[in-house]
1. Just for the range 155-167: of the residues that are over 12 Å from ASP3 (Cβ atoms) and not in a strand (DSSP E or B), which one is most open to solvent (accessible area, probe 1.4 Å)?
2. Those residues that are open to solvent by 80 Å² or more (accessible area, probe 1.4 Å) and of a type in the set (Asp, Glu), I need them from the range 168-188; list them, please.
3. May I ask you to list pairs of residues, at least six apart or on different chains, whose Cβ atoms are under 8 Å apart, with the first in the range 83-100 being closer than 10 Å to ASP62 by Cβ and among the aliphatic types (A, V, I, L, M) and the second being modelled with pLDDT of 90 or more and in a loop (DSSP other than H, G, I, E, B)?
4. With the condition being at pLDDT 90 or above, in contact with a strand residue (DSSP E or B) (Cβ under 6 Å, 6 or more places away or on another chain) and open to solvent by less than 20 Å² (accessible area, probe 1.4 Å), I'd like the strands (runs of 3 or more DSSP E) fully within the range 1-102 carrying at least 1 qualifying residues.
5. Can you tell me which residue is modelled with the lowest pLDDT among those in the range 189-233 that are among the basic types (Lys, Arg), within 30 Å of CYS141 (Cβ to Cβ) and open to solvent by 100 Å² or more (accessible area, probe 1.4 Å)?
6. Could you figure out which of (1) surrounded by fewer than 16 Cβ atoms within 10 Å (Cβ to Cβ); (2) out of contact with any Cys (no Cβ under 9 Å at 6 or more places or on another chain) isn't true of LEU114?
Amino acid sequence: MDDVSVEVRGIKGFFLKANVTKIYSDEVAVVFENSSKPETKFPFSDVRLPSKTGVKGSELKDGDVVEVCQRIDEDDAYGWVSAQFKLMKGEFVVVRYVGSHSVDDIVAVDLVRLPSKNPCITSDTFHRHIIEVPPDLYTICQDVSSHNDFKQACGASFIQFNTESSALVVLSTNDAVIKKAALLGEMHLRNLRQKMTLIQLMDEAAKKLESTRLHPRSLYREEFSVPRELMGLAIGTQGCNIQQAKQVQGVHSISLDEATGTFTVQGEVCLTGTLLPSEKFCLRPSGN
């Protein structure tokens, strides 16, 4: 059972299944389960916590009053309706709705319960913890799925970003859940910031990949050989000529096969003749 689940008294007197979204001084805002109805406020006096569902045939006799969960009308949420217990067969219960016309029905046992005796909620029913959110995390905090790990860690079923107060709100009927949320709140914000940074990096990488796909760069490959007696001059002192050549715009890599004296250059543009030592660079001996 969701610990923000409640039952609210509807206009027909039936108690409807709903979930708390906000708590005020003397009322709560709820959304109805399996319903398109908008968020609605109800005073504490019209709201109660749910009772346990399911019944045992041994604890009931023909004619006992039970409550059955059903859709109240076509556009409404599910609610609890009084009925008379008739008999139980396996996982199903036969009930009779008593009114202007008595009607028998067969329903699953998990849709039947004993009449609820739960009192109305009070300002102390729900515990609340507020986590102030820095401006740079507003966007990611509005994504409900970003709080799933935090929910699991502290055991809360309701964690929501309040755009009016710019804060995360944790609700629960269990005080232990609120204490865990208070301990783990700052860690959750740090995790969100790391997650947001990773998302930004992934987005940037995706954009670069897409740009590369749309505007591919052709790599040119050139090779030229240098006589062995001139190899030292081509390389330069401590490879200075090769290092200087690598700084030329468009050059990706330069490799040397010392066995054959062959230089291999890869780049984005045709570099024919550009990197030949005699034409581009001052030949510096590799010795003194």
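1. GLU164
2. Within the range 168-188, the first condition is being open to solvent by 80 Å² or more (accessible area, probe 1.4 Å), and the residues that meet it are 179-180, 183, 186-187.
Answer for the range 168-188, where residues must be open to solvent by 80 Å² or more (accessible area, probe 1.4 Å) and of a type in the set (Asp, Glu): just GLU186.
3. Final answer for the pair search is none.
4. Working: elements: 5-9, 15-23, 27-32, 40-43, 65-71, 78-89, 92-97.
Filter on the range 1-102 gives 5-9, 15-23, 27-32, 65-71, 78-89, 92-97.
5. Only one residue tops the list, namely LYS208.
6. Every condition holds for LEU114 apart from (1).
The values are calculated or read from the model by the stated rules, or taken from the named source; none is laboratory data. Keep in mind the model is a prediction, meaning the values are calculated, not measured. We place every Cβ from the backbone using ideal geometry, glycine too, and count neighbours over all the protein chains shown. Accessible surface areas use protein heavy atoms only, side chains included; no ligands, DNA or RNA. Shrake-Rupley method; radii C 1.70, N 1.55, O 1.52, S 1.80 Å.
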